Amino acid sequence: MLRMTDAAPYEHLDPDTVLDAVESAGFVINGRLLALNSYENRVYQVGVEDERPVVTKFYRPGRWSDEAILEEHAFALELAELEIPVVAPLVVAGRTLLESGSYRFAVYPSCGGRWPELAISEDRRVLGRFLGRIHMVGCAFPFRHRPDLDVERLGQSSRDWLLENDWIPAHLETAYDSLTESLLDAVRERFATAGTVRWLRIHGDCHLGNILWTDDGPHFVDLDDCVNGPAVQDLWMLLSGEEDEMRVQLSDLLDGYREFADFDPRELWLVEALRTLRIIHYHAWIARRWDDPAFPRAFPWFPENRNWEDHVLTLREQAAMLQEAPLQV
């Protein structure tokens, strides 16, 4: 068995290995291979003789347990069975999680589409309806092997790791230390103010890049970050622009959402708290993956002082946002 290191988890995943893996799953391949945009995992479109291509995802070694991946697959299949447009893995000989050498992978149908613009109210309502349906299914029971969306994992752990591993430039370290400490206190206060809101299985990373739009409407891809969390996590990343614009966008999303699921308005206290956690966690995610050669190539600006100065500025802006009243609709 090949041995993979944290520094180069995909060093043995060459084109022949990818094609051999898909062929071992029973597909008659034609040799065409296209790497798709993905950093955490490795994702490829593979040509199949006389059929549509398939997409195969090779999971980052050591990130998720088999049980956690299978929960992701089961959630996607549960949604797809109810005709909710989620791209679910193909079942191959009764299995969705496959192995080839040291790699675990899954095969998906290839589904085209474009990023949604969500420029008109009806498109936002359509998306809200599907999110309501996803959450209607997600609230039936929690994940057992996947994590909760929480302040400690996304915020505190990320912030501490960056400081302990000397990623913060010396001239910013004191400011970053005190700023993130106060920010996380403010985030916890927001969670406390929101109170006991419903926790359910959610997409977890529902930004526009994980939604593909066709003439028939949207379909959702990449449930790799699905977790137990509040419903608003799958809504706030779809908002953009000034406050008045976001208010209109959220109102449309919730108009569609509430056709299928209840929404607790107390969750709006969590929007800027969740945004803050994502900002802190995103920088820690890149730093933790820096030994993977794909990351310096994709994010060459990351170690530069300018990036960290901008990051601290963004966090200061979040500190101000956390003092404001939540978005209202």
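Values quoted throughout were computed directly from the atomic coordinates according to the rules given, and no laboratory measurement underlies them. Remember, predicted model here, so these are calculated numbers, not experimental data. Every residue, glycine among them, receives a Cβ derived from its backbone with ideal geometry; neighbour counts consider all protein chains shown.
A compact table of results
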{"quantity": "Region 15-109 - percent relative contact order, Cα under 8 Å, separation 6 or more", "calculated": "24 percent"}
{"quantity": "Within-14-Å neighbourhood charge of residue 109 [Cβ basis; K, R +1; D, E -1]", "calculated": "0"}
{"quantity": "Label point distance in nm, residue 166-residue 310, each placed 7 Å from Cα along Cα→Cβ", "calculated": "2.6 nm"}
{"quantity": "Estimated FRET transfer efficiency when R0 is 25 angstrom, pair residue 52-residue 208 (beta carbons, to 0.05)", "calculated": "0.55"}
{"quantity": "Highest to lowest packing among 108-118, 253-263, scored as the average C-beta count within 10 Å", "calculated": "253-263, 108-118"}
{"quantity": "For region 128-283, size of Cβ-based charge dipole, Lys and Arg +1, Asp and Glu -1, in debye", "calculated": "600 debye"}
{"quantity": "Answer label, with percent of Cα pairs over 39 Å apart calculated from the coordinates and candidates [x] 9; [y] 15; [z] 31", "calculated": "[y]"}
{"quantity": "Inter-probe distance in nm under a simple model that places probes 7 Å from Cα toward Cβ, at residue 67 and residue 99", "calculated": "1.7 nm"}
{"quantity": "Residue list for region 229-255, given a label point 7 angstrom along the Cα-to-Cβ vector of residue 114 and an amide N cut-off under 16 Å", "calculated": "none"}
{"quantity": "11 Å beta-carbon shell around residue 88, net charge (K/R +1, D/E -1)", "calculated": "-3"}
{"quantity": "Label zone at residue 248 (point 7 Å along Cα-to-Cβ), backbone N below 14 Å, region 107-131", "calculated": "118-125"}
